[in-house]
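**Q** First, the structure itself, so that you have it in front of you.
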Amino acid sequence: MAESVLANLGILLLMHLLINTGYLFHQAKRISGSWLCLIHVLVVVGASVSMVYFPVRFNGSEFDLSLAPLIFLSLFHGLKFSVPALFLFFLLLQLCGEDFEYGRFFFHTVLPVLLPLAFYPLDKDRIHYAKAFLIVTASWILANLPQTLEDLSALEGSLLVRYGSFMLASLILYLFITSGRRQLSLMNQLQYYAERDALTGLYNMRSFGEMLSGFKHDEKKMFIAMADIDSFKKINDTYGHQAGDEAIKKVGEIILAERSAPIVAARYGGDEFLILLAADDEKEAMSVLENIRKIASSTSFLYDGTQPDSTLSLSIGAAELTNPDCLEQVIGQADQQLYLAKRKSRNCVCINVAQ
């Protein structure tokens, strides 16, 4: 019995490693979300089919733990994963020559696997072990109910062993899944802070350059804009550096919320921001940047109960980017336009168009 249980646990470990590898490849953008879903379902179905052929043996009786991966797939990923998995599981067993009654398959496999859908979606990052334990137990009871009703005496000596083996496999799966999710969540956070400015949530300059190479602009013109908070030193001197940070954060939020055109934005340094946008012409680009400026002008960034709300003011300079390889040169042109906006009146947009 111990060998067959260990064989099943080995299958579960291999399944976990393959699925985790798939998610790591997806995180590295080496496979798409659609391929990840397909790989996930195929690996789980492959594990379940393998467990059918490695049954646990106890006192002359045999039983398999193949439902455990399918139940957890349904519990954590819902209908989108569980229905295709059930279909493939049934198809593969048929191709392998398994002889079973359709009614028995429905009650023994389909219903127990679909039962967790009644509790989906769960808070998948905080699913409590007790709730998972109750759901898995209910599915196991449902799967074994027809056989128990048919011949309880035949199962009397092995019922606890069956349940204990199934719950052991389920516990191992639960630990694999939760630890894998924590690992992926941590890696996502590390990747986010490696790519983003911590204060604003905008890209840092290294990531901005990488995003530029893959920026989809649908044959539209590309523009680089440099935005700067007017009188930022005065904000720091009057209200303190925390107020300055709040002003920078607010501008970042305003830029991130802009949806009128395809945009990629980065914090260039201090109170300066770099914006890459796609537009049909300079008029559309000017309109997008003017919208950002106007929203900033009507946005309060400071209120401490004693001071009145303080509004922001942005000066923006922009230049057309005709060649991504000339990014530094165009940033310089946008910076010149920003200087003109500062000299002109501040709180305005100046744009330079390539001839």
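The values are calculated or read from the model by the stated rules, or taken from the named source; none is laboratory data. What you are looking at is a predicted structure, and each value in this text was computed from that prediction instead of being measured. In this analysis, Cβ positions are derived from the backbone assuming ideal geometry, glycine residues included, and neighbour counts consider all displayed protein chains.
**Q** Pull up segment 262-279, narrow it to residues that are among the small types (Gly, Ala, Ser) and under 14 Å from PHE208 (Cα atoms), then point me to the one that is modelled with the lowest pLDDT.
**A** Selected residue: GLY269.
**Q** Moving on to the next point. Could you tell me which of the residues MET51, MET15 is assigned by TED's automatic domain parsing to the domain that holds LEU190, closer than 20 Å to ALA169 by Cα, touching a Pro at 6+ places or on another chain (Cβ under 7 Å) and among the hydrophobic types (A, V, I, L, M, F, W, C)?
**A** Matching residue, one of MET51, MET15: MET15.
**Q** Of all residues in segment 269-286, which are in a helix (DSSP H, G or I) and surrounded by fewer than 23 Cβ atoms within 10 Å (Cβ to Cβ)?
**A** GLU282, LYS283, GLU284, MET286
**Q** Ok, one more. Just to check your reading of the model, which residue among ALA257, ALA266 is closer than 24 Å to ILE351 by Cβ and surrounded by fewer than 17 Cβ atoms within 10 Å (Cβ to Cβ)?
**A** Exactly one residue qualifies, and that residue is ALA257.
**Q** Another question, then. Considering SER165, SER139, SER207, which residue is at pLDDT 90 or above and either part of a helix (DSSP H, G or I) or crowded, with 16+ Cβ neighbours inside 10 Å (or both)?
**A** SER139
**Q** Select, from ILE224, ILE172, ILE177, ILE235, the only residue that is modelled with pLDDT of 85 or more, in contact with a strand residue (DSSP E or B) (Cβ under 9 Å, 6 or more places away or on another chain) and part of a helix (DSSP H, G or I).
**A** It is ILE235.
**Q** Are there any pairs with C-beta distances below 7 angstrom linking a residue in segment 238-251 that is within 15 Å of SER298 (Cα to Cα) to a residue that is small (Gly, Ala, Ser) and in a helix (DSSP H, G or I), with the two at least 6 apart or on different chains, and if so which?
**A** VAL251/ALA296
**Q** Could you look through segment 308-326, keep only residues that are more than 21 Å from GLY244 (Cβ to Cβ) and surrounded by fewer than 24 Cβ atoms within 10 Å (Cβ to Cβ), and pick out the one that is modelled with the highest pLDDT?
**A** GLU320
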